[in-house]
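*Asks:* Questions regarding the structure given below will be posed in turn.
The values are calculated or read from the model by the stated rules, or taken from the named source; none is laboratory data. Just so we're clear, the structure is a prediction, and the values are computed from it rather than from any experiment. Heads up, the Cβs are rebuilt from the backbone with ideal geometry, glycines too, and the neighbour counts pull from every protein chain shown. These area figures cover heavy atoms from the full protein model, side chains too; ligands, DNA and RNA do not enter into them. Shrake-Rupley method; radii C 1.70, N 1.55, O 1.52, S 1.80 Å.
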Amino acid sequence: NDGIYLLSSSNNNICENNVTANKENGIWLYLSSGNNITGNIITKNLDGVALGISSNNNRITENNISSNIGRGIIFIRDTNYNSISGNNITKNEYGIWLYYSSNNRIFHNNFAENQQHTYVFDAHNDSWDDGYPSGGNYWSDYTGVDLYSSPYQNETGSDGIGDTPYTVSSGHVDKYPIMGAFSDFDATPEFHVQTVCNSTILDFNFNGTAISFNVSGEMGSIGFCRICIPTALMNDTYKVFVDSAEVPYTLLSCSNMTHNYLYFTYNHSTKEVVIIPESQ
């Protein structure tokens, strides 16, 4: 009845599977710790990913968890110190369900079109964001705005992070909800480029000099992109082009020795974005 079932099993990699239409759980870990669940398509099961009793220190990353009848992810009793990041959690009855669990980290996930994004019962010390400027999760029902920046969201200028926290449940908040979907791209085997964007991003590419990708959205609406570029990948002042026209950008004040954060806007349709070092 379960697609993949681990019992008292540790340090496994469950990667790049299509786990679909099981009567119970798509992936079920019980008394199992230290496992990686990465890059799977988990859809149309009763529950998508279930962690039960003392399943600790697992990583659930970069999965598409959608259209499950019950919960996208469920933690049951003493499932602690797990990391849930970079997942698309969409069109489930509940996005994530935490029950008697603690000290889990949930960030950079995209919660959209679930009947209810979260259910939390007797859960403690869970973190719903990765701090500033990394940010928290995308919540499709977030109603806040993005007019300010900085860790206290009190400096003029948008940064891709909502100005007010998102209430997950009583006593649980995402302090830095992101304003668009989070994406993580492998520019090279060593370096990743991360975006927060209200557009659909396709065809990401780094050719050794330039970053390029296509953005698309509802015609006539305003698109934005916050892109985080490792300085070891591209360390220069930049030029940003949208459909070959150079556009202004803001180098956010949170940029540092290791990462630069750029923020720019454009009018939606389908367009190509190209970012190059100014010296090119």
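*Asks:* Find the residue count for segment 68-115, including only residues that are within 18 Å of the chain's Cα centre (by Cα), among the polar types (S, T, N, Q), closer than 15 Å to ASP47 by Cβ and assigned to a loop (DSSP other than H, G, I, E, B).
*Replies:* Total meeting the criteria: 3.
*Asks:* For SER10, all conditions in the list (1) open to solvent by 70 Å² or more (accessible area, probe 1.4 Å); (2) part of a loop (DSSP other than H, G, I, E, B) hold save one; what is the number of the exception?
*Replies:* Answer for SER10: the failing condition is (1).
*Asks:* Would you mention how many residues in segment 20-46 are open to solvent by less than 10 Å² (accessible area, probe 1.4 Å), under 22 Å from LYS91 (Cα atoms) and in a strand (DSSP E or B)?
*Replies:* Total satisfying the criteria: 4.
*Asks:* Looking only at segment 254-280, which residues are of a type outside the set (Ser, Thr, Tyr) and in a loop (DSSP other than H, G, I, E, B)?
*Replies:* Those that are of a type outside the set (Ser, Thr, Tyr) and in a loop (DSSP other than H, G, I, E, B): CYS254, ASN256, MET257, HIS268, GLU278, GLN280.
*Asks:* Taking only segment 66-98 into account, find how many residues are surrounded by fewer than 24 Cβ atoms within 10 Å (Cβ to Cβ) and among the basic types (Lys, Arg).
*Replies:* 2
*Asks:* Related question: Taking segment 173-224 only, how many residues are open to solvent by 20 Å² or more (accessible area, probe 1.4 Å) and either over 18 Å from the mean Cα position of the chain (by Cα) or at pLDDT below 95 (or both)?
*Replies:* Counting residues in segment 173-224 that are open to solvent by 20 Å² or more (accessible area, probe 1.4 Å) and either over 18 Å from the mean Cα position of the chain (by Cα) or at pLDDT below 95 (or both) gives 18.
*Asks:* With the condition kept exactly as written, say whether any residue in segment 100-107 is open to solvent by 50 Å² or more (accessible area, probe 1.4 Å) and touching a residue at least 40 places away in the same chain (Cβ under 8 Å).
*Replies:* No, segment 100-107 contains no residue that is open to solvent by 50 Å² or more (accessible area, probe 1.4 Å) and touching a residue at least 40 places away in the same chain (Cβ under 8 Å).
*Asks:* Are there any pairs with C-beta distances below 9 angstrom linking a residue in segment 225-247 that is among the small types (Gly, Ala, Ser) to a residue that is in a strand (DSSP E or B), with the two at least 6 apart or on different chains, and if so which?
*Replies:* That search, which allows pairs on different chains as well, returns SER244/GLU272; SER244/VAL274.
*Asks:* Being open to solvent by 10 Å² or more (accessible area, probe 1.4 Å), in contact with a strand residue (DSSP E or B) (Cβ under 6 Å, 6 or more places away or on another chain) and not in a strand (DSSP E or B) is the filter here; which residues of segment 47-65 pass it?
*Replies:* Within segment 47-65, just GLU62 meets the criteria.
*Asks:* Right, here's the next one. Would you be able to tell me the number of residues in segment 113-131 that are of a type in the set (A, V, I, L, M, F, W, C) and open to solvent by 20 Å² or more (accessible area, probe 1.4 Å)?
*Replies:* 2
*Asks:* Among the residues of segment 132-166 satisfying the criterion of being in contact (Cβ under 8 Å) with a residue 24 or more places away in the chain and part of a strand (DSSP E or B), which is surrounded by the most Cβ atoms within 10 Å (Cβ to Cβ)?
*Replies:* For segment 132-166, the residue satisfying everything is ILE161.
*Asks:* Can you list the strands (runs of 3 or more DSSP E) found entirely within segment 167-233 that contain at least 2 residues being on the phi < 0 side of the Ramachandran plot, among the aromatic types (Phe, Trp, Tyr) and in contact with a Ser or Thr (Cβ under 9 Å, 6 or more places away or on another chain)?
*Replies:* Hits in segment 167-233: 181-186, 200-206.
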